[in-house]
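Structure record follows, encoded as structure tokens.
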Amino acid sequence: MLWACVLLPHLALDGVLRRRPSTDAPLVLVSGSAQARTLFAVNTPARAAGLYRGQRLTAAQALLSQFEAVEYDPAATEHWHRLLAAWAYRYSSDVVLFPHAIVLEVSKSLGLFGPWPRFESQLREDLTALGFRHRIALAPGAQAAYVLAGIHDGLAVMTPDALQRALAPIALRYARLPDGAGTSLPAMGIRTLGQLLRLPRDGLQRRFGAPLLVYLDRLTGAGPELMEAYRPPDTFDLRMEWTHEIEHVEALMFPLRRLIGDLATYLAGRDGGVQRFVLELEHRSTAPTRVVVGLLAAEREAALLFECARGRLERQQLPQPVVAMRLLARELPPFVPAGRDLFDTRPTNAMPLDQLRERLRARLGEQSIHRLRSTIDPRPEYAQTTADNTRLPEVTETLPRPTWLLDRPIPLHGPSPIILAGPERLETGWWDGGDLRRDYYVVRTSQGQCAWVFCAPGEPGRWMLHGWFA
Amino acid sequence: MTEILLPADGVGELQLLLPTLARCTRAGRAVVVVAPPYMPYAPGWEARGVVMSHVDIVSADPRDALWAAEQCLRSGSCAAVLAWPAQADDRALRRLQVAADTGKALAFVFRDRRHAAHASPAALRLELETQPSLQVRVRKCRGGNAPSRPVPLSASWS
């Protein structure tokens, strides 16, 4: 077993920063009660100005006159944590959530993504694109990887022997020992993990109890690691809120791109697609505007989803400025990638057909694009359908059938036409009320057109035009 | 791009194309029909060998139809695109021609016969005539001499 630990030291701050365009303005996260407001996290420009984590808000305001203070939201941080777990699920089926970290089992994934240096750079690339600062370490145990990631970014320990050597010099206060053992042991002259591991076990058990020994066993790989594996949720729900009001649809594109990017990340990890999702634009006083984005087939590519959503959103009238946006995807059907020919002769920059159809639908309307299939009904009005789900036997038509059909028959004017074929009697439809009784002819009009016309039986000459043999 | 000039609808214009469309759709390539004047009648098309599950029918108003046709041609994923630009000017047709070249797609544009006198950017211009019998006159043929005599066509309904 090999475990990779992705430590997210600035999870809460990065979750806030990634939603904003990058600026050099100082920004802090604030937590605590109304009487004792303290800084929870500070960004780089704020730290350069002398602000630090744990500082009182009043002290920070005395140091720096202009900075943005955002309320720390534990629920949002938890949300980002879960989103990243969904991302990690793409690389491994064993994903465990640790405080401020994600640990994934990679020994089985190395065959696909490996070797480790390439795999690691892949992870870092993804995290940078998502906008999260990170530290990554690899170790034979999950707990050991978690500890090593806190000590040394990029450390990769493959064997138990190397792990012993890597753990030995670690100072106890960084070893994440349970129950405050990390603070009392240095007072006894035990400063590193190596010293602690050499101590007799019964003495440790007497003084600190069983949890410390269990922890040390997990760390060195001598004992079992019991962890609750992460399972991705079945729906996707992400909300983004901003402090100012957005009045124009164009300004919604940046947050939309982020939301869709997160959705695509989640879908890729789950190996699923999305066929229908809802964008809720929240306003200050009225009910939220709902924009439903429906696709012809399950998709998961961020660019395609973004273009579809943008097409729908651009046609939307905003009754009021928007203060928050929410993306809800409940139906996540399996994603089936389209098959491509190895010897594809199409131009290299070709847009896939599905993407083209989505683009047309986005601008022209949901019902603007359809396919026809013939049914077994002999009546011309019912002989074809746009439905996709009807599976019907192949029937080959032997009688002449036109290529154009008029939506409804119209009287044929002009000089009397020349009859080329017919009559063909269609008399049916008693079962659903669409009863008809017609004699169909193929005629040539004076203009040279080939027409499909009918007349009621026994009334030749009163032609009704129903189609063209174009 | 091929421009087909018609005296009226339903003189056999699709008859010219259906063998090509049948070949494309049987090879699994997409054909898009943008804003047709009438509803395509699936039994009739299938009787001539077209696989209707590869035929996309786009309904759009005239202004969007040109945009849609251009998108389809440019995408490179369609084998053929059929369009009926009613009031398209020379510039719009040129855009379609360029899009068809970019996407390596066949564009078929149907227009009224009265446009025959105007110049056109189409690579091939065909005019359908019904008098004295159904025949095709080649008005323009890029890279070759247009035959001086019209080519007769057989009746289209059988």
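Observations, loosely collected:
Per-residue answers, yes or no, for (1) of a type in the set (A, V, I, L, M, F, W, C); (2) closer than 30 Å to A:Leu17 by Cα:
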{"site": "A:Phe132", "(1), (2)": "yes, yes"}
{"site": "A:Ala137", "(1), (2)": "yes, yes"}
{"site": "A:Leu167", "(1), (2)": "yes, no"}
{"site": "A:Arg176", "(1), (2)": "no, yes"}
{"site": "A:Leu197", "(1), (2)": "yes, no"}
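- Hey, B:Ala105 modelled with pLDDT under 90, more than 9 Å from chain A (Cβ to nearest Cβ) and either surrounded by fewer than 24 Cβ atoms within 10 Å (Cβ to Cβ) or closer than 22 Å to A:Arg359 by Cα (or both) or not: yes
- B:Leu124 satisfies every condition listed in (1) modelled with pLDDT of 85 or more; (2) over 15 Å from the mean Cα position of the chain (by Cα); (3) surrounded by 17 or more Cβ atoms within 10 Å (Cβ to Cβ) except (2).
- Candidates in region B:74-95 are the residues that are touching a Ser or Thr at 6+ places or on another chain (Cβ under 8 Å) and more than 10 Å from chain A (Cβ to nearest Cβ); of these, the one that is modelled with the lowest pLDDT is B:Asp90.
- Any hit, region B:129-140, residues being of a type in the set (Asp, Glu), modelled with pLDDT under 90, open to solvent by less than 50 Å² (accessible area, probe 1.4 Å) and not in a helix (DSSP H, G or I): yes
- Among the residues of region A:417-453, those identified as more than 10 Å from chain B (Cβ to nearest Cβ) and part of a loop (DSSP other than H, G, I, E, B) are A:Pro417, A:Gly429, A:Trp430, A:Trp431, A:Asp432, A:Gly433, A:Gly434, A:Asp435.
- Any chance B:Val81 is closer than 23 Å to B:Leu18 by Cβ, of a type outside the set (Lys, Arg) and surrounded by fewer than 18 Cβ atoms within 10 Å (Cβ to Cβ): no
- The one condition in (1) without any contact (Cβ under 8 Å) to a residue 24 or more places away in the chain; (2) over 19 Å from B:Gln71 (Cα atoms); (3) in a helix (DSSP H, G or I) that B:Ala146 fails to fulfil: (3)
- Hits in region B:50-59 - residues which are more than 7 Å from chain A (Cβ to nearest Cβ) and open to solvent by less than 10 Å² (accessible area, probe 1.4 Å): B:Val50
- The lone exception for A:Leu259 - which of (1) closer than 21 Å to A:Glu78 by Cβ; (2) of a type in the set (A, V, I, L, M); (3) open to solvent by 30 Å² or more (accessible area, probe 1.4 Å) it fails: (3)
- Considering residues of region B:19-42 that are open to solvent by less than 10 Å² (accessible area, probe 1.4 Å) and within 7 Å of chain A (Cβ to nearest Cβ) only, the residue farthest from A:Thr403 (Cα to Cα): B:Ala30
- Region A:247-291, residues that are part of a loop (DSSP other than H, G, I, E, B) and of a type in the set (Gly, Ala, Ser): A:Gly273, A:Ser285, A:Ala287
- Of the residues making up region A:165-208, those that are open to solvent by less than 20 Å² (accessible area, probe 1.4 Å) and at pLDDT 80 or above are A:Leu167, A:Ile170, A:Leu172, A:Ala175, A:Leu185, A:Leu193, A:Gly194, A:Leu196, A:Leu204.
- Test: residue in region A:36-49 that is in a helix (DSSP H, G or I) and touching a strand residue (DSSP E or B) at 6+ places or on another chain (Cβ under 9 Å): yes
- Filtered by the rule that a residue be facing chain B (nearest Cβ under 8 Å) and either part of a strand (DSSP E or B) or at pLDDT 80 or above (or both), region A:381-405 gives A:Gln384, A:Arg401, A:Pro402, A:Thr403, A:Trp404, A:Leu405.
- Region A:51-62, residues that are touching a residue at least 12 places away in the same chain (Cβ under 8 Å) and either surrounded by fewer than 14 Cβ atoms within 10 Å (Cβ to Cβ) or more than 17 Å from A:Asp24 (Cβ to Cβ) (or both): A:Tyr52, A:Arg53, A:Gly54, A:Gln55, A:Arg56, A:Leu57, A:Thr58, A:Ala60
- Unique match (being under 15 Å from the mean Cα position of the chain (by Cα) and in a helix (DSSP H, G or I)) among B:Thr102, B:Thr20, B:Thr25: B:Thr20
The values are calculated or read from the model by the stated rules, or taken from the named source; none is laboratory data. Owing to the predicted nature of the structure, the values given are computational and were not obtained by experimental measurement. Here the Cβ is made from the backbone with ideal geometry for all residues, glycine too, and neighbour counts use every protein chain on show. For the accessible areas, the whole protein counts, side chains as well, though only heavy atoms, and no ligand, DNA or RNA atoms are used. Shrake-Rupley method; radii C 1.70, N 1.55, O 1.52, S 1.80 Å.
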